[in-house]
Amino acid sequence: GTEKVRFLYRLIYNRQQYAMFDSDLGLFVGDTPYGEKVAQHINSKAEYMDYCRSAVNRHCRYNYGVFTPFLVKRRVHPSPSQS
């Protein structure tokens, strides 16, 4: 179901993650000293944070509902093979 859907947004530079947004936490978290400053700055923007928090509904749950009939319900039953 869609109750355990999670949205992650990772900020990466030079193959190193410096900050990330997790929809379960509802805010940005910094992984490096620079990432902590970036996360603090982004978390202070209330309108943008509301946009990020709604991303789990807008992207994840919506796409789960769209693609589930094609992915889950289209299973091929194994047929006996003859040699």
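Which three numbers, in whole Å and largest first, are the semi-axes of the equivalent ellipsoid of the range 8-72 derived from its Cα gyration tensor as √(5λ)? It would help to have the intermediate numbers written out before the result.
Values: eigenvalues 145, 45, 10 Å².
Each semi-axis is √(5λ); the values are 27, 15, 7 Å.
Sort 10, 15 from largest to smallest accessible area, using a 1.4 Å probe on the heavy atoms of the protein chains. Spell out each step's value before the answer.
Details: 10 135, 15 230 Å².
So the residues, ranked largest to smallest area, are 15, 10.
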With a 1.4 Å probe and every protein chain left in place, tell me how much accessible area residue 41 has, in Å² to the nearest 10.
-> 110
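So what is the accessible area of the chain per residue, in Å², with the probe set to 1.4 Å? Before the final figure, lay out the partial values.
Working: 6960 Å² over 83 residues.
Each residue of the chain exposes 84 Å² on average to a 1.4 Å probe.
If the chain between residue 9 and residue 55 were fully stretched, how many nm would it gain, using 0.36 nm times the residue separation less the Cα-Cα distance? Spell out each step's value before the answer.
On the way: separation 46, 0.36 × 46 = 16.56 nm, distance 0.98 nm.
Extending this stretch completely gives an extra 15.6 nm.
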Of the residues 40, 57, 69, the Cα lying farthest along the dipole of the chain towards its positive end, which is defined by charges on the beta carbon of Lys, Arg, Asp and Glu, belongs to 69
With label points set 7 Å from each Cα along the Cα-to-Cβ direction at residue 25 and residue 67, the distance between them in nm comes to 2.5
Expected field for residue 64, accessible surface area in Å² at 1.4 Å probe radius, rounded to 10, holds 90
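With each run of n ≥ 4 DSSP H residues scored as -39500 (n - 2.57), what mean residue ellipticity at 222 nm is computed for the chain after dividing by its residue count and rounding to the nearest 500 deg cm²/dmol?
Working: 3 runs with 29 residues, N = 83.
Using -39500 (n - 2.57) per qualifying helix, the result is -10000 deg cm²/dmol.
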On the protein heavy atoms, probe 1.4 angstrom, tell me the percent of accessible surface of the chain carried by carbon and sulfur.
-> 53
Roughly how much of residue 66 is accessible, in Å² to the nearest 10, using a 1.4 Å probe?
-> 60
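The values are calculated or read from the model by the stated rules, or taken from the named source; none is laboratory data. Worth saying up front: this structure is predicted, and the values here are computed from it rather than measured. Methodologically, a virtual Cβ is constructed for each residue, glycine included, from the backbone with ideal geometry; neighbour enumeration extends over all protein chains shown. When the accessible area is computed, the model is the full protein with side chains, heavy atoms only, and any ligands, DNA or RNA have been set aside. Shrake-Rupley method; radii C 1.70, N 1.55, O 1.52, S 1.80 Å.
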